[in-house]
Amino acid sequence: PDFGTCPRKSTVAGGGTRSRQWWPCELNLAVLRQFSEKSNPFGSDFDYASAFSKIDVNQLKKDITAVQTTSQDWWPADFGNYGPFFIRLAWHNAGTYRAVDGRGGAGQGQQRFAPLNSWPDNANLDKARRLLWPIKQKYGAALSWADLFVFAGNTAMENMGFPTYGFGFGRVDTWQSDEGIYWGGEQEMFPEALNNVVRYNGSTDFTTRADELESPLGAVSMGLIYVDPRGPNGTPDTKASALDIRETFGRMGMDDEETVALIAGGHAFGKTHGAVAGSNIGPEPNAAGIELQGLGWKNSFGTGNADDAYTSGLEVIWSRTPTKWANEFLFSLLNNNFTLTKSPDGAPQWEALDANASYPDPFIPGKFRRPTMLTSDLGLRDDPVYNNISKTFLNDFDYFTEKFGLAWYKLLHRDMGPISRYLGPEIPKKAPLIWQDPLPAPAYTTLAACDVSSLKSQILAAPGLNISNLVTTAWGSASTFRISDKRGGANGARIALQPQASFAANNPTRLAAVIKALKGVQTKFQSSGKKVSLADLIVLGGAAAIEKAAKAAGVTVTVPFTPGRVDATQDQTDVSTFAFLQPQADGFRNFGHGTASSLTEELLVDKAALLTLSPPELTVLIGGFRALSANFDGSSTGILTSRPGTLTNDFFVNLLGSYATWSVVNGTNEELFQSTNSAGKVQWTASRADLIFGSHPELRAISEVYGSSDGQSKFVTDFIAAWSKVMDLDRYDVKGHSGPY
Ligand code: HEM
């Protein structure tokens, strides 16, 4: 067991050795109940959009500008300007985003909490956040930290002469560390782990290993935002650094041009900090003494700041004009001869030894330095593709400015979901960009009740449509949603487009038949001059199927339905990044199974977390899906009922009543199980995604509620509520702005 290393033995609540330390492989449900209203001082009915609407954004900009240009003695500003510092703050908030699972990013203000507040790469950003406190204090609930972190960087950039593309507010703060994000398996933070190979599956060859980076990670090391500025594992190999840059920026959904624009654009501003030896630096915020009040990295050398500052341990300046938007970074990069040198802390960096000292000292007027670069910067010169782009940008400053503006906008907004979530006066009026998953304007917002009920009858009567395939199709459509970056969902009917139409979990052949049949219903309906979208029909099909199955169980119910969805086109669908929405496993439909690193039931909980489901919602949905025979392939795995297609609690009754009769089916790698009856005959088969509900103590406790003699009616009610919640997860158009969870 991992009992950690805290030397103190706490004997009060929460202290002592806990269940998870005794059984470290126990399925962790904590991710399904984080961000509860108990942690949120604003309560669950807080509406950020209406709180924010009171803000005068022009005044806010003035306030940020005043802070940006007023140096404070406790952390003096380089060049009298915190602008570059605020840009780094914004970038490090947004830059944790990765496209694979949509997690990370600036959207929740997570940098206030561990581990991010204490990542080595975020060194001294505790000061940047503290500098902004007077602004946060002034605006209170009307301005989230999450918005302020990135807006401060955006405003700083404008103040330094960069024409930004626009800005959307609307990031809602969370109040605890997001435990749902896998940040890696290391037990050491950068830079101590110089030989860290954990996330490269043991591979040490950084000239070939970049793409072996463990999924879904987007950084080369624990505690870094992207790559090691010194080069891979501290080795000053510029070309290998470029490989790491391409891989990690690619995982954020950035192409080569966007990547060069971001790095060259960002490093047009500011400088790095490593004036003294790293041995002078105290612990990070989460390990620092209580008297430091949440600040860390206390520097005991000299003044501990300004010209003695230590952040990355590298001491580099990129530009003659570090507080003004200009093409100086690329000019320096492509016009100087850089020689490998060492920072005062002994870290590898590069200096143009034969160049004039013309780059300003941040504090001593009239003192100048020679041009310097990070190994990672030189990757933009030494990688042939990056080199071409860098040259183009150097030769055409306007083009560079435009591309950096677009890439910066994407960086800050990538995890915000539909544009309807953006707030404030600076949302670009231009057409949406492809990464924003554009949708056409709705053709209608309501359907007459009689039309809804006639459509449901027509769907149920259509040849080829049945309870099982209507439920799996509606689920396949809606359950692509992920709260992490709010992509996916039923709106847009993208399940009928590539790549979703080909996702194995959707059973493409069966899906195509369902879509065809639903389109038939749509055509007939529209021939009477009315309108209904395919996206709505897919969801309505699920509702009709559930109502029919409930009726078969003797209950008359109406499944809530919120019309107004629209149909996207293939052109509006970014196939390569939508591919990330493909489920590796979907235990709800009994599709797929675990990997070498994650068990099937862990993937089920991961998906449930992205769907914001609580443990009871997860449980009731599984029971319902099995009753509805909603496996992706129509198989009988986990269908623990003799009357499939009837909305009963049979799954729970039969699971809980099967006394120790389950055994592993040989050759299935413990993925498939069977139970035998007293005569020794195989009665049921089930997957890990089924049996976990009888095995895990908390899931079993919930299953018992639904499997009890008084559980049936609660089961039906709760199933329909959880189902409807998932169907509407992406409906920010009707829910209003709404929070992150
Ligand atoms: C500063 C590395 C990309 C904006 C720094 C520092 C390092 C670094 C080591 C110095 C921190 C310190 O000691 O104070 C990298 C690496 C990148 C990268 C390895 C990717 C390969 C970016 C991007 C942006 C950006 C994409 C913004 C678009 C900045 C700014 C500073 C900075 C403005 C100056 C901060 C200040 O003056 O206090 N970067 N960076 N960087 N970075 Fe980056």
The relative contact order of the chain, taking Cα pairs under 8 Å that sit 6 or more residues apart, comes to a percentage of 12
Residue span VAL734 to GLN176: 0.36 nm per residue of separation minus Cα-Cα distance leaves a gain in nm of 198.1 nm
The long-range amide H neighbours of LEU672, using H built 1.01 Å from N in the peptide plane and a cut-off of under 5 Å, are VAL665
Ranking ASN388, VAL605, PHE368 by how far each Cα lies towards the positive end of the charge dipole of the chain (+1 on Lys and Arg Cβ, -1 on Asp and Glu Cβ), the top one is VAL605
The FRET efficiency for SER10 and SER678, from their Cβ-Cβ distance with R0 = 56 Å and rounded to 0.05, is 0.65
The base-10 log of I(q)/I(0) that the Debye equation returns for segment 107-179 at q = 0.15, 0.17, 0.21, 0.23 Å⁻¹, one scatterer per C-alpha, is -0.54, -0.69, -1.02, -1.16
Note on segment 449-581: contact order normalised by length, alpha-carbon pairs under 8 Å, 6 or more apart, percent, works out to 33
Judged on accessible area alone, 1.4 Å probe, highest first, VAL575, VAL559, VAL100 line up as VAL575, VAL100, VAL559
Of every hundred units of 1.4 Å-probe accessible area on the chain, the number belonging to carbon and sulfur atoms, as a percent, is 54
A correct Stokes-Einstein calculation for segment 449-581, using the alpha-carbon Kirkwood radius, 37 °C and 0.692 mPa s, returns a whole-number D in µm² s⁻¹ of 218
With +1 on the Cβ of every Lys and Arg and -1 on the Cβ of every Asp and Glu, the dipole magnitude of segment 344-479 about its Cα centre, in debye rounded to the nearest 20, is 400
For the chain, the dipole about the Cα centre with charges only on Cβ (Lys and Arg +1, Asp and Glu -1), to the nearest 20 debye, works out at 1840
The chain accessible area per residue, 1.4 Å probe, protein heavy atoms, integer Å², reads 40
Length-normalised contact order of segment 587-716, Cα under 8 Å, at least 6 apart, in percent, tallies to 25
Plugging the Cβ-Cβ distance of THR69 and PHE42 into 1/(1 + (r/R0)^6) at R0 = 45 Å yields, to the nearest 0.05, a FRET efficiency of 0.90
For segment 587-716 the translational diffusion coefficient, Stokes-Einstein from a Kirkwood Rh over Cα pairs at 25 °C and viscosity 0.890 mPa s, in µm²/s, is roughly 167
Ranking TRP475, TRP23, TRP662 from most to least accessible area with a 1.4 Å probe gives TRP23, TRP662, TRP475
Where a ≥ b ≥ c are root eigenvalues of the Cα gyration tensor, a/c under 1.5 meaning rounded, otherwise prolate if a/b exceeds b/c and oblate otherwise, segment 272-346 counts as prolate
One finds the C-alpha centres of segment 441-513 and segment 377-399 to be spaced, in Å, by 45
Accessible-area order for ILE622, ILE55, largest to smallest, probe 1.4 angstrom, reads ILE55, ILE622
Between the Cα axis of helix 697-707 and the main Cα principal axis of the chain, the angle (0 to 90°, nearest 10) is 30
Protection proxy (average C-beta count within 10 Å per residue), highest first, orders 38-44, 245-251 as 245-251, 38-44
In whole angstrom, the spacing between the Cα centers of segment 325-361 and segment 610-638 equals 59
Over all directions, the chain yields a Cα convex hull whose mean projected area in nm² is 34.3
If each part is reduced to its alpha-carbon centroid, segment 1-67 and segment 646-684 end up apart, in Å, by 39
Per the rule of 0.36 nm per residue minus the C-alpha distance, extending ARG130 to LEU406 adds in nm 96.5 nm
Contour minus Cα-Cα span, LYS298 to THR339, at 0.36 nm per residue, comes to 11.6 nm
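The values are calculated or read from the model by the stated rules, or taken from the named source; none is laboratory data. This one's a predicted model, so the numbers in the text were calculated from it and none came from an experiment. In this analysis, Cβ positions are derived from the backbone assuming ideal geometry, glycine residues included, and neighbour counts consider all displayed protein chains. Areas reflect the complete protein model, heavy atoms only, side chains present, ligands, DNA and RNA absent. Shrake-Rupley method; radii C 1.70, N 1.55, O 1.52, S 1.80 Å.
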